[in-house]
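Inspection log for the structure reproduced underneath, given as structure tokens.
The values are calculated or read from the model by the stated rules, or taken from the named source; none is laboratory data. Given the structure is predicted, the values throughout are model-derived calculations rather than measurements. A quick note on method: Cβ atoms are made from the backbone with ideal geometry, for glycine too, and the neighbour counts reach across all protein chains shown.
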Amino acid sequence: MSDYECATDLEVIEMSICFIRLSVKRLCALACASTLALGLGLARPVAAEQVTLDREQALLALDHADPLRRLEGMVGLANTGGAGDAEALMPRLLDADPSLRQAAVVIIWRLWGRSGDAAIDALYQQGMGLMQSGNLPKAVAVFSDIISQRPAFAEAWNKRATIYYMLDQHDLSIKDCEEVLKRVPNHFGALSGYSQMLAEKDQPERALELLERAYRVNPNTSAEPMIDGLRLRIEAKRKAST
């Protein structure tokens, strides 16, 4: 299940927005520094050129004090990382800069969609295309094929869980969500989707537990009203039973 499905165009737009926002901040800072330097008769400071980071450099940059450097690390990881690297980006979901938080959501979904095997990734893209075109039975077959070949690939389970939910096969969707969480305990999409189905099955206590877990990992959602609603349902059930 997912609360944020990102197409390639959306990823590009999101990342461009983040770069623009942070670049404007950097340019403003440089302009102030340049003005001060000229006033003091010093040399004009020169902005460092943007560099392309490899995977190891990208991982190191994620905790840099400079938000633009952190974003460069995130983009570097988006270009070079795999599904296992998504965990390293989880702290950026809590970044002080809102642009970086949104970029982290986009990149984590991108990384989760990589199996590490070119043939499997091609099948995954085929399944995504079928899913987006509404051919859900064939999409289920493709993701089931991926799961049989590469059961460790959590996002194949997650996409099949999403399709089962769309087909109103909630018990099958729940089973697949559980498989996702065995492999990626912090998968906020699976946690949120699982929570939604449990709420629909009148299990608000367990639904609240999962949704709060998802929100702790990724607070960049509109989950607060749902959390409040589940708490009210739990309180109403408690009062009704006394």
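Looking at LYS175, is it closer than 30 Å to GLU200 by Cβ, surrounded by 20 or more Cβ atoms within 10 Å (Cβ to Cβ) and of a type in the set (D, E, K, R)?
For LYS175, the condition - closer than 30 Å to GLU200 by Cβ, surrounded by 20 or more Cβ atoms within 10 Å (Cβ to Cβ) and of a type in the set (D, E, K, R) - is not met.
Which ones in the stretch 213-228 are farther than 21 Å from LEU89 by Cβ and surrounded by 15 or more Cβ atoms within 10 Å (Cβ to Cβ)?
MET226, ILE227
Residue-by-condition table, conditions (1) out of contact with any Lys or Arg (no Cβ under 6 Å at 6 or more places or on another chain); (2) among the hydrophobic types (A, V, I, L, M, F, W, C); (3) surrounded by fewer than 16 Cβ atoms within 10 Å (Cβ to Cβ); (4) at pLDDT 95 or above:
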| position | (1), (2), (3), (4) |
| --- | --- |
| THR8 | yes, no, yes, no |
| LEU27 | yes, yes, yes, no |
| ALA48 | yes, yes, yes, no |
| ARG110 | yes, no, no, yes |
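Given the conditions (1) without any contact (Cβ under 8 Å) to a residue 40 or more places away in the chain; (2) more than 20 Å from ALA190 (Cβ to Cβ), report the number of the one that LEU68 does not fulfil.
(1)
When you scan the stretch 78-99, how many residues do you find that are surrounded by 17 or more Cβ atoms within 10 Å (Cβ to Cβ) and under 23 Å from THR221 (Cα atoms)?
11
Looking at the stretch 195-210, is at least one residue touching a Cys at 6+ places or on another chain (Cβ under 8 Å) and in a helix (DSSP H, G or I)?
yes
Look at ASN79 and say whether it is out of contact with any His (no Cβ under 7 Å at 6 or more places or on another chain), of a type in the set (S, T, N, Q) and in the same structural domain as HIS187 (by TED's automatic domain parsing).
No, not satisfied.
Restricting to the stretch 112-129, count the residues that are outside any helix (DSSP H, G or I) and either in contact with a strand residue (DSSP E or B) (Cβ under 6 Å, 6 or more places away or on another chain) or buried (at least 16 other Cβ atoms within 10 Å of the Cβ) (or both).
Number of matching residues: 3.
Looking at GLU224, GLU205, GLU235 in this structure, which one is in contact (Cβ under 8 Å) with a residue 12 or more places away in the chain, acidic (Asp, Glu) and not assigned by TED's automatic domain parsing to the domain that holds LEU100?
So the residue among GLU224, GLU205, GLU235 that is in contact (Cβ under 8 Å) with a residue 12 or more places away in the chain, acidic (Asp, Glu) and not assigned by TED's automatic domain parsing to the domain that holds LEU100 is GLU205.
Please determine whether any residue of the stretch 183-196 is among the charged types (D, E, K, R), surrounded by fewer than 23 Cβ atoms within 10 Å (Cβ to Cβ) and out of contact with any Phe, Trp or Tyr (no Cβ under 8 Å at 6 or more places or on another chain).
Looking through the stretch 183-196, none of the residues is among the charged types (D, E, K, R), surrounded by fewer than 23 Cβ atoms within 10 Å (Cβ to Cβ) and out of contact with any Phe, Trp or Tyr (no Cβ under 8 Å at 6 or more places or on another chain).
Being under 22 Å from the mean Cα position of the chain (by Cα), surrounded by fewer than 22 Cβ atoms within 10 Å (Cβ to Cβ) and of a type in the set (Gly, Ala, Ser), is that true of even one residue in the stretch 130-151?
No.
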